[in-house]
């Protein structure tokens with residue numbers, strides 16, 4: 001049975017023209033361009049939440065440790081390595097291990113930095129290069145410390161500190177995201193790995209590793225003159241989370257902060273006794 005002219009015209013009218021198809025494709029492309037970044041930010045927000053949760057757990061482990069050791073925080077101590085280890089540094093993650101018993105809690109899901117191994121205290125971790133995304137705060141270089149002719153500011157860092165020396169626990173950082181990288185051969189690497197002394201503490205000029213800093217920024221807030229590490233183009237700050245990094249405080253809470261908040265007033269949040277003088281970079 002043959003189709004009538006009317007039926008043929010109706011079928012023809014139901015078909016898409018090339019222009020209509022191109023318009024639909026263009027609309028889909030525009031929507032994709034708008035939505036994909038939103039989806040990416042949503043995923044990063046979820047990773048940031050996981051990272052904050054990790055730091056809260058580590059901070060809780062730290063407080064439990066302090067209760068068992070006369071209200072004193074872990075030390076940067078040397079001990080003979082175990083299980084065929086090659087590093088004498090008894091890293092903070094091994095000291096907190098009895099309270100956390102979970103290596104996964106030390107890994108930020110946004111941490112994609114490649115690792116290099118330079119020795120581990122516990123030989124069970126040799127060759128594994130397991131990521132550790134957080135460092136415990138050690139003594140840092142500050143302007144206030146330099147004004148007192150101190151190589152590193154003795155008023156910073158929680159290692160081996162009695163809790164009683166902390167002036168404002170809710171305003172004092174204990175752990176920081178620290179997986180900045182430097183060039184080694186053809187790749188950028190971090191040495192912050194499980195059971196290793198290297199990278200376990202935030203020490204001296206290590207603030208260059210903290211997330212959110214503008215790598216090529218000329219603003220003094222992004223630099224620190226006494227620390228050449230800040231100026232090296234091969235030293236890349238940790239990627240962090242949408243220009244923020246996560247930090248754990250000595251009262252047990254953790255939160256995301258921008259680099260400018262960390263850098264402000266001469267790294268105030270890393271100091272045990274808060275400075276009276278205001279330092280402007």
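On a 0 to 90 degree scale, rounded to 10, what angle separates helix 18-68 from the longest Cα axis of the chain?
Approximately 20 degrees, to the nearest ten.
For residue 154 and residue 233, what does the FRET efficiency come to when R0 = 35 Å and r is the distance between their Cβ atoms, rounded to the nearest 0.05?
With R0 = 35 Å, the Cβ-Cβ based efficiency is 0.65.
With the crude spin-label approximation of a point 7 Å out along Cα→Cβ, what separation in nm comes out for residue 28 versus residue 215?
Inter-label distance under the simple model: 3.5 nm.
Using only alpha carbons, build the gyration tensor for the range 36-134 and give me the equivalent ellipsoid semi-axes, biggest first, whole Å.
28, 20, 9
Ordered by packing density, taken as the mean number of other Cβ atoms within 10 Å over each peptide's residues, highest first, how do 145-151, 265-271, 207-213 rank?
Going by the mean number of other Cβ atoms within 10 Å, highest first, we get 207-213, 265-271, 145-151.
Output the peptides 64-70, 253-259, 138-144 sorted from most to least packed, where packing is the average of other Cβ atoms within 10 Å over each peptide's residues.
The packing order, highest mean first, is 138-144, 253-259, 64-70.
If each residue's Cβ is checked for other Cβ atoms within 10 Å, how do 53, 91, 133 rank with the fewest at the top?
Arranged by neighbour count, lowest to highest, 53, 91, 133 become 53, 133, 91.
Just for the chain, what percent of DSSP beta bridges are antiparallel, to the closest 5?
Here the share of antiparallel DSSP bridges comes out near 75 percent.
What residues of the range 226-253 lie in the reach of a label at residue 188, counting those whose backbone N is under 11 Å from a point 7 Å from the Cα along Cα→Cβ?
233-240
Counting only C-alpha contacts under 8 Å and six or more residues apart, can you give the relative contact order of the chain as a whole percent?
Normalised by residue count, the contact order of the chain is 20 percent.
Debye sum, Cα scatterers, the range 156-230, no solvent: what log₁₀ I/I(0) at q = 0.15 1/Å?
-0.67
Based on alpha-carbon centroids, what's the gap between the range 35-114 and the range 159-177 in Å, whole number please?
So the separation of the two Cα centres works out to 16 Å.
Kindly provide the helix-only [θ] at 222 nm of the chain, computed as the sum of -39,500 (n - 2.57) over DSSP H runs of four or more divided by all residues, to the nearest 500 deg cm²/dmol?
Rounded to the nearest 500, the figure is -9500 deg cm²/dmol.
With a cut-off of 8 Å between alpha carbons and a minimum separation of six or more residues, what is the relative contact order of the range 39-105 in percent?
30 percent
What is the angle, in °, between the Cα long axis of helix 5-14 and the longest principal axis of the Cα atoms in the chain? Nearest 10 is fine, range 0 to 90.
10 degrees
Using a 10 Å cut-off around each Cβ, can you sort 51, 108, 227 from fewest to most neighbouring Cβ atoms?
Result, fewest neighbours first: 227, 51, 108.
Going by how many other Cβ atoms sit within 10 Å of their own, how do 25, 193 line up, fewest first?
Listing 25, 193 from fewest to most nearby Cβ atoms yields 25, 193.
Every number in this text was worked out from the coordinates using simple rules, so none of it is lab data. Because the structure is predicted, anything quoted here is derived from the model rather than measured. All Cβ positions, even for glycine, are placed from backbone atoms using ideal geometry, and neighbour counts span all protein chains on display.
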